[in-house]
1. Among the listed residues 24, 13, 45, which satisfies the condition of being under 38 Å from the mean Cα position of the chain (by Cα) and either assigned by TED's automatic domain parsing to the domain that holds residue 151 or farther than 20 Å from residue 129 by Cβ (or both)?
2. Within the group 60, 28, 3, which residue is out of contact with any helix residue (DSSP H, G or I) (no Cβ under 8 Å at 6 or more places or on another chain), surrounded by fewer than 18 Cβ atoms within 10 Å (Cβ to Cβ) and at pLDDT 95 or above?
3. Please give the helices (runs of 4 or more DSSP H) falling wholly within the stretch 1-78 in which 1 or more residues are within 29 Å of residue 151 (Cα to Cα).
4. Looking at (1) surrounded by fewer than 20 Cβ atoms within 10 Å (Cβ to Cβ); (2) part of a helix (DSSP H, G or I), which is the only condition residue 307 fails?
5. Can you tell which of 219, 156 is touching a strand residue (DSSP E or B) at 6+ places or on another chain (Cβ under 9 Å), within 17 Å of residue 232 (Cβ to Cβ) and surrounded by fewer than 19 Cβ atoms within 10 Å (Cβ to Cβ)?
6. Does at least one position in the stretch 352-361 carry a residue that is exposed (fewer than 15 other Cβ atoms within 10 Å of the Cβ), on the phi < 0 side of the Ramachandran plot and either under 17 Å from the mean Cα position of the chain (by Cα) or in a loop (DSSP other than H, G, I, E, B) (or both)?
7. Does the stretch 279-287 contain any residue that is within 21 Å of residue 326 (Cα to Cα), modelled with pLDDT of 95 or more, more than 16 Å from the chain's Cα centre (by Cα) and not assigned by TED's automatic domain parsing to the domain that holds residue 48?
8. What number of residues within the stretch 362-386 are over 19 Å from residue 402 (Cα atoms) and either touching a helix residue (DSSP H, G or I) at 6+ places or on another chain (Cβ under 8 Å) or in a helix (DSSP H, G or I) (or both)?
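The values are calculated or read from the model by the stated rules, or taken from the named source; none is laboratory data. No experiment lies behind these values; they were computed from the predicted model shown. In this analysis, Cβ positions are derived from the backbone assuming ideal geometry, glycine residues included, and neighbour counts consider all displayed protein chains.
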């Protein structure tokens with residue numbers, strides 16, 4: 001064990017949130033050992049801003065709850081933890097672990113029970129990566145390093161404590177953690193880990209519950225290095241284990257959304273991980289929709305059923321909560337409404353709760369080369385920055401263009417109608433006009449045609465008095481139009 005001065009590596013109390021300091025102080029005053037451990041210490045040494053901090057102590061979960069009272073809640077069965085709430089912050093407090101006297105594992109070697117309390121020397125051995133096994137005591141300004149972790153940080157090496165194969169078998173989720181840390185920290189994966197990280201080893205992820213895999217996928221999407229971790233998921237055959245029926249390829253749409261997500265996180269903007277699930281499942285949704293359209297289902301019903309099928313299939317790997325499923329399906333449905341909006345509904349559509357997510361989805365599709373959007377992504381982008389009067393002008397212009405398209409489509413249908421009597425193509429107006437050419441005897445061709453049909457049974461020829469009368473043109477110059485006297 002090496003005791004290092006924390007201030008030498010950039011650690012100081014002023015860099016810590018008050019919540020974690022309070023947890024350490026309360027446990028220390030109660031007579032227990034307490035340290036900050038894990039990714040928080042690692043990130044501070046690397047000059048990063050940790051999202052959260054975890055604490056570790058020799059107090060049992062029951063003793064932790066006794067120290068914090070109602071502010072503490074015990075969670076977990078396989079790995080019992082204490083969640084301590086300090087204001088709005090949540091601090092996870094674990095008890096020092098010792099090697100189990102009798103291991104309770106699955107057939108694949110995954111640990112099913114891990115609640116054996118021990119000492120700090122036993123605890124560091126149970127941790128997965130060396131860079132996560134440094135114990136920081138802020139009041140004493142010391143770091144306890146049991147495994148030369150500070151050297152691994154300097155060399156940017158991701159190394160397991162113990163045999164990598166056994167570590168993966170104990171908890172297959174460590175495969176996802178390996179790829180996540182490698183992408184986030186830009187560390188090199190140690191060769192002994194790469195040697196055992198085979199497709200057969202990746203299949204152990206099937207033994208993890210869909211709920212836990214969903215939580216891990218959320219971490220992948222929100223870590224800020226999504227564009228770097230996706231190729232690693234494919235390279236180590238992890239993609240197939242967590243995404244059902246999604247081809248292991250990164251198309252331009254997925255790549256652009258991943259890059260856009262990372263940029264939003266870097267500038268401090270919020271993101272919804274469900275949005276990336278909507279992107280990943282988009283191609284499967286289109287294929288399934290076409291399947292139902294080929295069965296003559298109405299478009300709305302085909303889309304609804306396709307959405308249910310695709311999400312249900314993904315739930316076999318990573319469970320999709322109900323609120324996430326609703327969000328994904330609403331984003332998909334917004335694509336149809338945004339691509340062909342009715343002019344009178346444009347204003348209300350812009351105020352829809354899912355408009356922003358639907359628009360971002362459409363706009364990123366268009367920017368990634370999807371030509372089926374018909375330029376509506378750019379249209380909505382410009383529309384949002386117009387004044388009220390300008391919006392009315394743009395909507396009127398859109399309405400005229402929409403009417404022209406409908407008019408052209410109608411003409412196309414008319415020109416495709418079969419011609420029965422006259423093989424020469426005529427306009428739609430000429431077909432409605434009957435020719436009334438007058439012959440030399442004053443009888444119109446129309447009258448002659450009517451007479452031929454109506455007099456066949458009465459033997460009335462064309463010289464009959466009723467047919468010989470001529471049409472007289474009336475002089476309308478002396479006719480008074482208006483109400484009669």
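1. Sole residue among the options that is under 38 Å from the mean Cα position of the chain (by Cα) and either assigned by TED's automatic domain parsing to the domain that holds residue 151 or farther than 20 Å from residue 129 by Cβ (or both): 45.
2. So the residue among 60, 28, 3 that is out of contact with any helix residue (DSSP H, G or I) (no Cβ under 8 Å at 6 or more places or on another chain), surrounded by fewer than 18 Cβ atoms within 10 Å (Cβ to Cβ) and at pLDDT 95 or above is 28.
3. By residue number, 18-29, 39-46.
4. Exception for residue 307: condition (1).
5. Result: 156 is the single residue among 219, 156 that is touching a strand residue (DSSP E or B) at 6+ places or on another chain (Cβ under 9 Å), within 17 Å of residue 232 (Cβ to Cβ) and surrounded by fewer than 19 Cβ atoms within 10 Å (Cβ to Cβ).
6. The answer is yes, given that some residue of the stretch 352-361 is exposed (fewer than 15 other Cβ atoms within 10 Å of the Cβ), on the phi < 0 side of the Ramachandran plot and either under 17 Å from the mean Cα position of the chain (by Cα) or in a loop (DSSP other than H, G, I, E, B) (or both).
7. yes
8. Here the count works out to 11.
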